[in-house]
1. Can you work out which of the residues in segment B:1-34 that are assigned to a loop (DSSP other than H, G, I, E, B) and over 24 Å from B:LEU71 (Cβ atoms) is modelled with the highest pLDDT?
2. Tell me, which helices (runs of 4 or more DSSP H) wholly within segment A:274-349 include 2 or more residues that are over 30 Å from A:LEU161 (Cα atoms), among the hydroxyl-bearing types (Ser, Thr, Tyr) and open to solvent by less than 50 Å² (accessible area, probe 1.4 Å)?
3. So which residues in segment A:197-230 are in a helix (DSSP H, G or I), facing chain B (nearest Cβ under 7 Å) and out of contact with any strand residue (DSSP E or B) (no Cβ under 8 Å at 6 or more places or on another chain)?
4. Only one of A:ALA30, A:ALA44 is touching a residue at least 12 places away in the same chain (Cβ under 8 Å), within 14 Å of chain B (Cβ to nearest Cβ) and surrounded by fewer than 22 Cβ atoms within 10 Å (Cβ to Cβ). Can you tell me which?
5. For the subset of segment A:367-381 comprising residues that are in contact (Cβ under 8 Å) with a residue 24 or more places away in the chain and out of contact with any Gly (no Cβ under 9 Å at 6 or more places or on another chain), which member is least open to solvent (accessible area, probe 1.4 Å)?
6. Quick check on segment B:215-223. Is at least one of its residues open to solvent by less than 30 Å² (accessible area, probe 1.4 Å), hydrophobic (A, V, I, L, M, F, W, C) and within 14 Å of another protein chain (Cβ to nearest Cβ)?
7. It is to be established whether one or more residues within segment A:282-303 are within 25 Å of A:PHE35 (Cα to Cα), β-branched (Val, Ile, Thr) and under 22 Å from the mean Cα position of the chain (by Cα).
8. Restricting to segment A:102-146, count the residues that are within 22 Å of A:ALA341 (Cα to Cα), touching a Ser or Thr at 6+ places or on another chain (Cβ under 9 Å), touching a residue at least 60 places away in the same chain (Cβ under 8 Å) and hydroxyl-bearing (Ser, Thr, Tyr).
Amino acid sequence: MASGLAAASLSASQSAGASGNVITVGTLYANTGSFATSSMPEYAGLQFWVKQVNAAGGMYVAPLKKKEHVQLVSYNDQSDPATATTLYNQLLTQNKVNVFVADFGSVLTAPAVTIAKDQKHLLFDITGSGTSFFSSGPNPYVALTSLPVSAVWPKPVVGLLSSLKIKRVAILYCQNDFDQAQAAAIKGFLASEHLQPVYFQGVPTTQSDYSTIVQAIKGANPQAVLEFGYPNNDIAFLNQLKSTNTHFNFVLTPFPGQLPTLFSQDVGAKALAWEYTYAVPPIMRVNKVNLGLGLNAFLQKFAPGKESTVNFLNVAGYNAGLAVQAAFAHATSMSQLGIRAGLTAVSGKLQTLEGTFALNKAGAQVGELLPVAQMVPHGAGFQFKIVYPATAAQKAMVNGTPKYPAPRA
Amino acid sequence: MRLFEYALVSGVLYGLFYGFIGVGLNLLFGVMRLVNLAHGDLVVWGGYLAYSLTTSAHVNALWAIPLSIPLALVGGLILYLITVPRLRRSEDTETSSLILFFGVSQVLVALATMKYGTNQVTLPELGNPVMIFGQPYAASLVASAALAVPALALFYYYLYRTRLGLATRAVMANEEEAIASGVRVRRVATSAFVIGVAFAAAAGPLATYMLGGINPTTGGGLTITAFTIIIIGSLGNPLGTAAGGILYGLASSLTQAYAAPWTGLVPYALLLAVVLLRPSGLFGRRVRVA
């Protein structure tokens, strides 16, 4: 932890306009460690939102009846939850930020959730979708902005498995809130159809060697294999399949859809062929919005000429900023509960590039549901085809039919 | 039964690789009592060298092994000259080295982040799976084990068949007695340091395969693994390092097969058991106290 603190650095963005009338938004990012891959693009998305808002003269703050500039106060937690705990506290007690935004994922969000509840300070949780964050009843101090709560994610996966008449399912998950919740949800859905997974095992989130695990799964003779991990887990797992020529008829992992460029480089298009993943923006394109940029405009402005490099986490960071913007625009007062009331006011009505923003009483995101996509070979690469919707409204997005059993690459 | 067979073979293959990882650290800790917390980071830099070779020159990643050795010898010598003479003058070499190499580790991590970014990088697979007892093993896994064997043999040769190795063992056993016997300790220490660094860097390309990829912070976990292996196997004994690696690999592999949630725990429970029951390690000799 000491190392983390020593290396923790306040970003340059704080020094800009440190005084005067500004709304301060505190956040953490990880520029090293296992979550850097996901944290940094998310942070870049949030920074982009700040830039956009300030370029437009600031964001409207309803209780003040005027626009205010936004100042981002950020620290590097180096992917370490212990360091993150200290730094989240620092944001509230030393920097006295108006609201704070969590770092990527459930592991680095968990300390912020505890602090938000204890100190009654509003947390914008971008991608920490662990079910445990939202399972203790109504909570006005945490709002999940960019992903549905983990337990909701796999709902369309179950629908897809059911439509393909798949009954023998193997589930491998990492032991963290995000992955465990998905695994448990699938197991629960299967149980409701009187089915049991043929393989159901958790591994440490630090797992990198999948050699024997893959053989154990193979021995269970599954029709579908669902591996729930973080990017490094997914990469190691998929590479293990590739290096041993192990073929399953249905494989789903969460992160290729979020980080397609990284997976293309580290796993290769051939090994990703016919694999399933969650369809997130920009795979899922939402352009009809009532706040901020639609997806196409975001791609053009965020990375002009390099739109293909934009990933979901960039979108998620930007979308968190939009949630902050909406909260202040409809806040009833500058108190934490007053700002939270602003979010309640827009819940179900706010349309952003991630879809309909809707929170339940516990602060869990229940609007931005994710369809399932399959990676279909396309030339030397692959393209995502949305093959199963999460909601009736998403049926229009479906642009492919699932290829099952998956052909051998 | 097929799974048990697979786990056994996989455990042995992984174990030999883990032994390779432990060799360099064994030398440094055994000879100079240096707690090299940067060991894993040196391995990672070896992996990055292989990555650079495959992405820029499009050559087989294993060419990085012979290339890394002279680079590591030079780099190791520079690092030695900057750090070790001062360390050895300190009252508590072990604690001072722990702090110093923690700093070295952080520098290596920062440099890797600047050069290669934070994303995981992987290497192209070496070829088709190799069938052993009718079951497929990654070519890189088999190659890693196959390369670890001569590396461990080389380590054995150095320690037991060369004059420098004899002097090294003398320093490991008792530095003051070695000095009294005319052993040039500084020469031994320099050799042990640079050879240790070279072994670490040479293991890098293999680690990139074995760990499913590397990122700048992968080294921390590797250092812990390497310490675990040399403590299980015993300091200064190449056979012990190989045995420690194989035991670690088997524990990890069998746990993956039959109790996957405990994968992160069992190898370290093994370490605890060894430390409690046989503090000098599996191949360690009893310490002479008088």
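1. This residue is B:ARG33.
2. Those helices (runs of 4 or more DSSP H) do not exist here; none qualify.
3. Correct list: A:THR212, A:GLY219.
4. Of the residues listed, the single one that is touching a residue at least 12 places away in the same chain (Cβ under 8 Å), within 14 Å of chain B (Cβ to nearest Cβ) and surrounded by fewer than 22 Cβ atoms within 10 Å (Cβ to Cβ) is A:ALA44.
5. Among them, the one singled out is A:PRO371.
6. yes
7. Checked against the condition, which is being within 25 Å of A:PHE35 (Cα to Cα), β-branched (Val, Ile, Thr) and under 22 Å from the mean Cα position of the chain (by Cα), segment A:282-303 yields at least one hit.
8. So the count comes out to 4.
The values are calculated or read from the model by the stated rules, or taken from the named source; none is laboratory data. The model shown is predicted, which means the values in this text are computed figures rather than measured ones. Note: ideal-geometry Cβ built from the backbone for every residue, glycine included; neighbour counts use all protein chains shown. Areas reflect the complete protein model, heavy atoms only, side chains present, ligands, DNA and RNA absent. Shrake-Rupley method; radii C 1.70, N 1.55, O 1.52, S 1.80 Å.
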